[in-house]
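Some notes on the structure that comes next.
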């Protein structure tokens, strides 16, 4: 909802800029009017897509002057809005470019037909109509250039603004995952890796009870149990010590305690095994067994 409101404000702002471009010095027909019609068709929702740009055009015409060809200008303007609506589903810059050119051609054909029909500038014959279209070609070139320029500008600004919010969400997600990674790393430091050589000193001679986790890198249940063991190591670090023994690299310790499958957990106190737990455990169950063994 917040993103939609932000985009609506941007859309109305760009439309105002487009209409104001009619008041600034510019080559003939080089304005953002045609682009604003395509833009409103694509980016403004519901009937506002027609109402807002047409009213804005009308207000500017009240200052610039009314003329007999206005029905043709506004008619082609509405057609361009309809063309803009087709771009909602027909995405991509190629489709946008094709639609822009079509809108410019329709504006050229419709408005110059209006000039031929409603003014005394040309004879009301086919030759007069042809002459009207021929003499209007330089103006058409400026119209086409203006439409392409401002469509590219307005659409790029809007699409960039649309990408900003997903970018911020992605940034937050990356930050969250990074902090989670740091937290897990700190938690894993509470558990120590023990080898056959250090088992006696770290486990059997430990001053506190020790939870020994015999595990293997290829063992799925071991990987499931790992975060549970790391969390317990962090939460109970003042009460127990947690030692990790990788069985493939430390077969002597595993054989000494008859570890036939992994994960296998031992609760050792004063060099004596108080409990042996085989298989993955929930955090609640494992804590209960630890507390029961060392009470």
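Compute the long axis of helix 48-64 from its Cα atoms, compare it with the longest principal axis of the Cα atoms of the chain, and write down the angle in degrees, 0 to 90, nearest 10.
That works out to roughly 40 degrees.
For helix 283-294, report the angle its Cα long axis makes with the longest principal axis of the Cα atoms of the chain; keep it between 0 and 90° and round to the nearest 10°.
With rounding to tens, the tilt is 20 degrees.
Hey, what angle do you get for helix 126-135 against the long axis of the chain, alpha-carbon based, 0 to 90 degrees rounded to 10?
50 degrees
Sequence gap at least 6, Cα distance under 8 Å: using those rules, report the relative contact order of region 9-121 to the nearest whole percent.
29 percent.
I need 116, 218 ordered by Cβ neighbour count within 10 Å, fewest first.
In order of increasing Cβ crowding within 10 Å: 218, 116.
According to a simple spin-label model (label point 7 Å from Cα along Cα-to-Cβ), what is the distance in nm between residue 295 and residue 195?
So the two model labels end up 3.9 nm from each other.
Place a label point 7 angstrom from the Cα of residue 137 along the Cα-to-Cβ direction, then list the residues of region 20-45 whose backbone nitrogen is under 20 Å away.
Counting only backbone N, you get 28-30.
Using the basic label-point model (7 angstrom from Cα toward the beta carbon), what is the residue 217 to residue 118 distance in nanometres?
In this crude spin-label approximation the distance works out to 8.0 nm.
Calculate the spin-label point distance for residue 208 paired with residue 224, positioning each point 7 Å from the Cα along the beta-carbon direction, and give it in nanometres.
2.8 nm
Between residue 252 and residue 26, what length in nm is gained on full extension when 0.36 nm per residue of separation is reduced by their alpha carbon distance?
Extending this stretch completely gives an extra 72.6 nm.
Tell me what the chain gives for mean residue ellipticity at 222 nm when only DSSP H runs of n ≥ 4 count, each as -39,500 (n - 2.57), the sum divided by the residue total, rounded to 500 deg cm²/dmol.
One gets -21500 deg cm²/dmol as the mean residue ellipticity at 222 nm.
Sort the following peptides by mean Cβ neighbour count (other Cβ atoms within 10 Å, averaged over residues), highest first: 99-112, 54-67.
With the highest mean Cβ count within 10 Å placed first, the list reads 99-112, 54-67.
Between residue 67 and residue 105, what's the calculated FRET efficiency when r is the beta-carbon distance and R0 is 25 Å? Round to 0.05.
0.70
Bear in mind that the values in this text are calculations on the coordinates, not laboratory data. Everything numeric in this text was worked out from a predicted model, so none of it was measured. Ideal geometry is used to build each Cβ from the backbone, glycine not excepted, and the neighbour counts take in all protein chains shown.
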